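Enquirer: Input: one structure, supplied below.
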Amino acid sequence: MNFKKMFSGLALTSSVFLLTACGTGSKEDTSVKDIQDKGTITVAMNPEFAPFEFKTLVNGKDTIVGADVEIAKAIGKELGVKVNYSSMSFNNVLASLQSKKADIAISGISATKERQKAYDFSTPYYESVNVVIVKKAALDKYKSTGDFNNLSVATQKGTIQETVAKEQLKGAKIVSLVQNGEMINELKNGQVDAVVFEKPIAAAYVAKNDDLAVADVKLKSGDSDAYAVAMPKGSKALKARIDKVIKKLKKSGDIDKFVQDAYNLSVSDSTSKSE
Ligand code: ARG
């Protein structure tokens, strides 16, 4: 074997070695690059969740608006890409990251420990507080969690409210529905006795339905129930950029302003659809 041959043989073995080393090691993080190459970020949402995401008519066109939409826009700006909203039922929102139908999910998603096992999450942007809404006429009946024993309580399918209701309204019969609008209708016509929602969502529904009210019953939240932006696992680079955006929006008070503005819009606008 001459020297040249031996040398190329060596080069080949070492490059094969390098390739396998890359292949078996952690994959290169292309989470930001992939989105920038496409020029668009697709955001998964369940837009029947005012003030975070809901549909309304803007210049005669059905448009998704809300605090989460404003956060999505700020992320798009930070990455220099267009934002595309993909609307779906809440129980499909996280799964759409695994099937690559969406790049990120912003949908008032609580970054629970369980979900953190399967997805990366940004720094939290909004605290979650659970409340129960009931018929205003029956408001006096509900003073403690035990008052829901043997009654029907609705929660949205796939949300943490399913667990909150099961664990804290123990004697109640929990009904999981895909659409929030359907839960409100069932409450209004007496098919269920109560609905568990987070505070601002409950407030928006109550403001638009004067036969409903928030019950004077305290529910506990878990310490990882705050809302965060969800990403596929392995999105370290993307998370760093999104965290930067969220920290800035929190510091400036913009997130609170987004929530307040969207709340005002949703309760004043008769065309806004919450289902
Ligand atoms: N924060 C709750 C959860 O993560 C409810 C989120 C529901 N969001 C929605 N857009 N419907 O389970």
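The values are calculated or read from the model by the stated rules, or taken from the named source; none is laboratory data. Just so we're clear, the structure is a prediction, and the values are computed from it rather than from any experiment. Here Cβ is always computed from backbone atoms with ideal geometry, including for glycine, and neighbour counts include all displayed protein chains.
The rows are residues; the columns are (1) under 14 Å from the mean Cα position of the chain (by Cα); (2) aliphatic (A, V, I, L, M).
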{"site": "PRO51", "(1), (2)": "yes, no"}
{"site": "ALA74", "(1), (2)": "no, yes"}
{"site": "LYS101", "(1), (2)": "no, no"}
{"site": "TYR119", "(1), (2)": "yes, no"}
{"site": "PRO124", "(1), (2)": "yes, no"}
{"site": "ASP140", "(1), (2)": "no, no"}
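Enquirer: In region 124-149, how many are within 16 Å of the ligand (Cβ to nearest atom) and at pLDDT 95 or above?
Expert: Number satisfying all stated conditions: 9.
Enquirer: Tally up the residues in region 244-275 that are at pLDDT below 95, in a loop (DSSP other than H, G, I, E, B) and among the small types (Gly, Ala, Ser), please.
Expert: The qualifying residues number 3.
Enquirer: Of all residues in region 150-182, how many are small (Gly, Ala, Ser) and more than 16 Å from the ligand (Cβ to nearest atom)?
Expert: Selection size over region 150-182: 3.
This table checks each residue for (1) surrounded by 15 or more Cβ atoms within 10 Å (Cβ to Cβ); (2) part of a strand (DSSP E or B).
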{"site": "GLY108", "(1), (2)": "yes, no"}
{"site": "ARG115", "(1), (2)": "yes, no"}
{"site": "ASP120", "(1), (2)": "yes, yes"}
{"site": "ALA137", "(1), (2)": "no, no"}
{"site": "LYS143", "(1), (2)": "no, no"}
{"site": "VAL153", "(1), (2)": "yes, yes"}
{"site": "VAL175", "(1), (2)": "yes, yes"}
{"site": "GLY181", "(1), (2)": "no, no"}
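Enquirer: I'm trying to understand the selection: among the residues of region 94-142, which are of a type in the set (Gly, Ala, Ser) and in contact (Cβ under 8 Å) with a residue 60 or more places away in the chain?
Expert: ALA102, ALA105, SER107, GLY108, SER110, ALA111, ALA118, SER122, SER128, ALA137
Enquirer: Return only the number of the condition from (1) buried (at least 20 other Cβ atoms within 10 Å of the Cβ); (2) within 13 Å of the ligand (Cβ to nearest atom); (3) at negative phi that ILE75 does not satisfy.
Expert: It is condition (2) that ILE75 fails.
Enquirer: When only residues in region 83-100 that are over 14 Å from ASP68 (Cβ atoms) and assigned to a helix (DSSP H, G or I) count, which is farthest from the ligand (Cβ to nearest atom)?
Expert: Ranking the qualifying residues of region 83-100, first place goes to GLN98.
Enquirer: While we're looking at this one, here's another question. Take the residues in region 186-234 that are away from the ligand (no atom under 12 Å from the Cβ), of a type in the set (S, T, N, Q) and touching a residue at least 24 places away in the same chain (Cβ under 8 Å), then tell me which one is surrounded by the fewest Cβ atoms within 10 Å (Cβ to Cβ).
Expert: It comes out as GLN191.
Enquirer: Filter region 224-240 down to residues that are of a type outside the set (A, V, I, L, M, F, W, C) and within 16 Å of ALA67 (Cα to Cα), then give me how many there are.
Expert: Number of matching residues: 1.
Enquirer: Filter region 217-243 down to the residues that are in a loop (DSSP other than H, G, I, E, B) and under 22 Å from THR163 (Cβ atoms) and list them by number.
Expert: Answer for region 217-243, where residues must be in a loop (DSSP other than H, G, I, E, B) and under 22 Å from THR163 (Cβ atoms): VAL217, LYS218, LEU219, LYS220, SER221, GLY222, ASP223, SER224, ASP225, ALA226, ALA228, VAL229.
Each row is one residue, and each column tells you yes or no for (1) over 27 Å from THR123 (Cα atoms); (2) of a type outside the set (Asp, Glu); (3) touching a Ser or Thr at 6+ places or on another chain (Cβ under 7 Å).
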site	(1), (2), (3)
SER152	yes, yes, no
VAL175	yes, yes, yes
ALA194	yes, yes, no
ASP216	yes, no, no
TYR227	no, yes, yes
LEU238	no, yes, yes
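Enquirer: Taking only region 33-64 into account, find how many residues are buried (at least 22 other Cβ atoms within 10 Å of the Cβ) and within 15 Å of the ligand (Cβ to nearest atom).
Expert: Looking only at that region, the number is 12.
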